[in-house]
Structure formats: structure tokens, C-alpha cells
Amino acid sequence: SAEGAGAGGADAAAALGLLELVEEDIYGSSLPTTSLASLDCKAALDFVVPGNATGRYVLDLRAPTDRLVAERLLLLNAWEVAGRKRSACPDVSQSGTYQCLRNESWEAQRFRYGPDWILPMAGLLQFDLSVPRRPPRDQRALDDATWGRFAAAVAGSPLPMALRALCLRRVLDGAAVTCAQVCRLYALLRPAAPAYEGHLVDTRPPRPVKGKKGKRGKKQKPTAGPDAVTKSEQGMHSAVEMAFLGALMFRITDHAQLAQTVFDEGGPFAGEARIRACEVAFGRLCVASPPRIHERRFLLHLGLHEDRQLCRALLSIAFREGGRVLDPNCFPNCSFGPSPGDLRALPVGPPEWWAKVGPPRNGWLSVWYAGDEGQVAFRKRMAVQFCGWER
């Protein structure tokens, strides 16, 4: 096995040869469609990797192959939910039910998946699957030489980008990488990818306001606003970029470094629009970095579990670092209201009782904690408690 791949890691030669094993005439015809129905059963199931299943799925339940894929993914989700509950892991799900499914819709109608939901016989089922199962602590990432050869093979392959993402998902089933290796792969992929003429889905909060100097913090500004992502910076089609990141997201050994590498200035997913797209697809708590929580302005829907939990983490950090009070100077331009379009200013910031007993269960909060790096050890404890980081 490849040096540093750990138990069950991918063999270097097999990894490099995997692209050649994927036949373009078998898979390529299915790419323009939303269904796997044109494939035989074995080919369709090649799109499902139980050990690395995170990604976006669009399934036509009238097609036997799509239905089989849906059944397998729902079974995988049930096992993951049971395992995380048994292990008392933090609930990083979208709705507070431990479910790995996010953004579910059937026939274009949103719904919330639960264990009592019965799979319909027909209709178009769409969802994001985010399985927050990271590599074991003792597993080492693939060595840079092996990863470099594989990344070069992926970037130089004549196959469509979507198929390369599939190959990556299969290779990383059992292997692990680092944040630096993720950035290296995107650096090779983007120059080779055709330009994308569209735009990312606008799920972004309002443009962050300029920072003010907090009581303990330096004068700074949150990450760049909506105009930061230009067409030339987008490179690959955003859906394909997300497919690659889905294959990589939970195979990263140093996930605590995501904020200062993958999502930081110069990284492949820098900019508020890209970060927000990742939060929507993979989970706000899975993307969040409490040690760097002071660097962004958040628009939080307090009726949604993951947003409420992130709000609790932010207020706990501010309360602790403020000497068990919430310093109004550290919450510039904070606002709260029943909807994003009806926010009213909170001149002294969030009420102190929010930090003590928790924020309200409804409403929208626009907040930026204008502090500095603060108490790093305590912030990491909050990352363990709310975001599922390792102790």
C-alpha cells in the first residue's frame, strides 16, 4: 500500500490506474441527464461509494437503478445516525435530527426527512448527503509524492470533470489527504477546466459591513462580500467543484486547518459566496471554524438547528472572552428580526441572557463578533462540543 495511507489505504498504482479503468463510453452518456436509468445496475452503483458518499444526488424513483441507489443511501444514513447517537457525537445535522440528508426535496417540494418517511414509488428525489465521518486519528494522509502523481493524472485526464470527481471519490474510500493537498489538486484542475459562464447560486447573506475596533480586537473586516467572486475566479463549473470537494471534505486529516487554507484568501473556496455554498451543501457546523469565528459576519436563522448551534458557540466564546459579559463594542451593526428583509438594529448587541440560556428559537440574526484570536483553547473546546472536532 502507499506509504502513509494507513490501514485500508489506496494502493498507489491502483490509484493512478483508476482513471484508465473507467470507460468513457459507459459513463459519459449519463452525464447530461439527471438520472442513472441509462446505466445498467452495476454501473449505476459505481456512483455510490458507501465509505465516501458525501455529495449531491438527483434520483428518478421510477427508474429501478435510481431507486436502488436511494435505498442504499437511506440505509447508509440510518447506520450513520445510529452510530453517531451511540457514540454521543455532536449533532451537526441541518435540522437537529442527526440525519445526514440535507436540502431534501421530492417533486420540487421541500420536506424534512425522518426515519418514518417512506420512499415513494415515483418522482424526482433530490438531496445533499453529508456524512461527517472523518479519518481515524492515527491514519496518516497519502504522501505528497503519491498524491502529486495522482493529482497530475486527474488534471491531465481526457475524461469529463464529473467522471474525474467520481474517480476521486472511489480512490479516497479508505485513504486520507491534507488541506495542502486539496489546494494543490484544485491548482492543477482549474487551469485545465473550461470556463464557466454562469454564476454560483446566491445563498449569501448581505454584504458584510466594514469592521470596527472592538474592546479587545484590532480594527479588521470580515471576509470579502458578494462581489469578491468573479467569473474568472470561478473556473470550473461550481457543481463540479462541489463534487470534487464532496469527495475530499471528510477525508481530510487536518480538518481544523480548512479555514486558513481551503476557505482562506488564495484558497480554492475563498470568498463569502463559495463558503456559503459549502455550508449549504456540507453543513454550517462542518464548515465552521470556532477558532476563527471572529473573521466572518453571519446571517443565522435561529429556527434552524445548525444556525442556532453556531450562534450558541459564538455567544459562548464572546461571553467567556468578555469576562462573563457580552461587550457591546464587539458586536458592531448587529441586527435581529423575523426575516432577512426585516432586521432591526440591536445597538448593544445580543442580549446577555442569550449567552446564558441560549438564543430564541425563531428569527434571524445578523452578527459579527469583532474580537481577535481570543482564548484559543476555549474556542477549540467549543469546536469539539458543537462542530465535532476531535479532542
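List of remarks:
- Amide H partners (placed H, <5 Å) of ILE252, local residues excluded: VAL177
- Kirkwood Rh, Cα atoms: Rg over Rh of the range 275-391: 0.93
- Of the peptides 146-152, 269-275, the order by per-residue mean of other Cβ atoms within 10 Å, starting with the highest, comes out as 269-275, 146-152.
- Estimated dipole of the range 244-283 in Debye, rounded to 20 [Cβ of Lys and Arg +1, of Asp and Glu -1, Cα centre]: 160 debye
- Taking amide H as placed 1.01 Å from N in the peptide plane, the amide H of LEU119 sits under 5 Å from none that are at least 5 places away or on another chain.
- Dipole of the range 315-391, positive direction: furthest Cα of GLY337, ALA383, TYR369, with charges on the beta-carbon: ALA383
- 5 angstrom amide H check on ARG140, placed H, neighbours 5+ away: GLY6
- Alpha-carbon centroids, the range 130-148 and the range 279-328: separation in whole Å: 27 Å
- Across the range 278-283, rounded Karplus estimates of 3J(HN,Hα) from the backbone phi angles (6.51 cos²θ - 1.76 cosθ + 1.60, θ = phi - 60°) give 5, 4, 5, 7, 10, x Hz, Gly and Pro being marked x.
- When each of the peptides 169-179, 338-348, 252-262 is scored by the mean number of other C-beta atoms lying within 10 Å of its residues, the order from highest to lowest reads 169-179, 252-262, 338-348.
- The range 88-138: equivalent-ellipsoid semi-axes (sqrt of 5 x gyration tensor eigenvalues, Cα, Å): 26, 12, 10
- Label-to-label distance, nm, for residues given as ASP342 and ALA377 (7 Å Cα→Cβ offset): 4.7 nm
- Equivalent ellipsoid, the range 139-182 (semi-axes from 5 times Cα gyration tensor eigenvalues, Å): 19, 12, 8
- Efficiency of FRET between ALA180 and SER87 - r from beta-carbon atoms, R0 30 angstrom, step 0.05: 0.55
- In this simple spin-label model, placing a label point 7 Å from the Cα along the Cα-to-Cβ direction at both ARG112 and ARG320 gives a separation of 2.9 nm.
- For the range 80-197, the average shadow cast by the Cα convex hull is 10.5 nm², which is a quarter of the hull's surface.
- Working from label points 7 Å from Cα in the Cα-to-Cβ sense, the ALA152 to GLU352 distance is 6.2 nm.
- What the phi angles of the range 148-159 give under the Karplus curve with 6.51, -1.76 and 1.60, with θ = phi - 60°, is a coupling list of x, 5, 5, 4, 5, 5, 5, 5, x, 5, x, 5 Hz, glycine and proline written as x.
- Under Karplus coefficients 6.51, -1.76 and 1.60, residue-wise ³J(HN,Hα) of the range 378-391 in Hz, glycine/proline x: 5, 5, 5, 5, 5, 5, 5, 5, 9, 10, x, 5, 6, 5
- Using every pair of distinct Cα positions in the range 45-115, the Kirkwood expression returns a hydrodynamic radius of 13.2 angstrom.
No lab work stands behind these numbers, since they all come straight from the coordinates. If you're wondering where the values come from, they're calculated on a predicted model, not measured in any experiment. Please note: Cβ atoms are built from the backbone with ideal geometry, for glycine as well, and neighbour counts cover all protein chains shown.
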